[in-house]
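Student: Take a look at the following structure, please.
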Amino acid sequence: MRLTRIILTALAVAVCMPSVGSAQYAPKWHVGDWWVIKTWHKSMSGEWVWDHMRYDIADAEKVGNRECFVLETRFQGLTDSLSSTKIVHYVRTDDWLVVRQMLTCTYQGVLRSDKLDRPLGLFGPFRGGESRLPRFPLKPGDNGDTTFRLTVRDDCAAMLREISGVADSQKVNRLLAEGDTAGERVMRPSGVVYQVREELKGNVGSDPLLGEEEITQSLQLWCDDQPWRLYEELVNYHGAARIRDVIERSWLVASGHRER
């Protein structure tokens, strides 16, 4: 009888323990959440400059029959003033794909809005005005196959791969410390930090078969206590020697919640 109780207890513990391979992570968003990131990137003149961008989860709406977060983004000036131009991403609440984008701006005194639906969704380390959200939920410890795979997204089919795991604390501290500047310290995590590396492989040039192969990579750090990534590094590798070219780096500098 005693042996039976021991066996049953061991089985109960084994059933209740989470599997490392099945552990998942996705950010926790609520309407009213906001955050600000600062980005270090090259300007049109070729100089490295800082920009600040504010994000607001303004609402939740349905696109088709799927619930979406309405994520507004605007440039924020040095005096905390916000640009009148904003890009709105509709991010599905279940799989985190961006399925609609809207650009709202004032042109010659007239307010204009341009909408672009993305039924298959956007994801991956593409350049431009995208949010570059990974394919949440991340599955740390479940990276048996890290080869490039042909993946269809709304505007193209791309060779993509994604590798995620728990980030090394020394690496996290180093990357975050590099974002501290005079008068502005970047946000620090209070718990586990997850890292994800997404890579896009493709050919550039007029002929996709003869063009030079490039890899664009996004390295991101996420944690449970913040709604947005703590850090992102966007890098391009090109040429036969895989020359590394840093495109931009961004850090989370503020976050909060605004009641509706």
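Student: Condition first: modelled with pLDDT under 90 and not aliphatic (A, V, I, L, M). Now tell me which residues in segment 85-114 satisfy that.
Tutor: Selection gives Thr85, Lys86, Thr104, Cys105, Thr106, Tyr107, Gln108, Gly109, Arg112, Ser113, Asp114.
Student: Another question, if that's okay. For Gln217, only one of the following conditions fails: (1) surrounded by 18 or more Cβ atoms within 10 Å (Cβ to Cβ); (2) farther than 30 Å from Leu120 by Cβ. What is its number?
Tutor: Result: Gln217 fails condition (2) only.
Student: Scan segment 51-64 and give yes if some residue there is surrounded by 13 or more Cβ atoms within 10 Å (Cβ to Cβ) and modelled with pLDDT under 90, otherwise no.
Tutor: yes
Student: Another one. Would you kindly identify the strands (runs of 3 or more DSSP E) lying entirely within segment 22-81 that contain at least 2 residues that are touching a residue at least 60 places away in the same chain (Cβ under 8 Å) and not aliphatic (A, V, I, L, M)?
Tutor: Result: 33-42, 48-63.
Student: Regarding Glu130, is this residue among the charged types (D, E, K, R) and at pLDDT 80 or above?
Tutor: No: the conditions fail for Glu130.
Student: Being at pLDDT 90 or above and among the hydrophobic types (A, V, I, L, M, F, W, C) is the filter here, so list the residues in segment 164-187 that pass it.
Tutor: Scanning segment 164-187 gives Val166, Ala167, Val172, Leu175, Leu176, Ala177, Val186, Met187.
Student: In segment 212-250, how many residues are of a type in the set (Phe, Trp, Tyr) and either more than 12 Å from the chain's Cα centre (by Cα) or not in a strand (DSSP E or B) (or both)?
Tutor: 2
Student: Let me ask something else about it. Which one of these does Glu47 not meet: (1) at pLDDT below 90; (2) in contact with a Phe, Trp or Tyr (Cβ under 6 Å, 6 or more places away or on another chain); (3) of a type in the set (Asp, Glu)?
Tutor: Failed condition: (2).
Student: Residue by residue through segment 153-194, note down the ones that are among the small types (Gly, Ala, Ser), surrounded by 16 or more Cβ atoms within 10 Å (Cβ to Cβ) and part of a strand (DSSP E or B).
Tutor: Residues of segment 153-194 that are among the small types (Gly, Ala, Ser), as a first pass: 157-158, 164-165, 167, 169, 177, 179, 182-183, 190-191.
Then drop every residue that is not surrounded by 16 or more Cβ atoms within 10 Å (Cβ to Cβ), which leaves 158, 164, 167, 179.
Result: Ala158, Ser164.
Student: Would you check if Asp207 is in a loop (DSSP other than H, G, I, E, B), surrounded by fewer than 16 Cβ atoms within 10 Å (Cβ to Cβ) and modelled with pLDDT under 90?
Tutor: For Asp207, the condition - in a loop (DSSP other than H, G, I, E, B), surrounded by fewer than 16 Cβ atoms within 10 Å (Cβ to Cβ) and modelled with pLDDT under 90 - is met.
Student: Select from segment 1-44 the residues that are β-branched (Val, Ile, Thr) and modelled with pLDDT of 75 or more and list them in ascending order.
Tutor: Residues satisfying the conditions are Val31, Val36, Ile37, Thr39.
The values are calculated or read from the model by the stated rules, or taken from the named source; none is laboratory data. Here the structure is a predicted model, which means the values were calculated and not measured. Cβ coordinates were reconstructed from backbone atoms using ideal geometry, including for glycine residues, and neighbour counts include every protein chain displayed.
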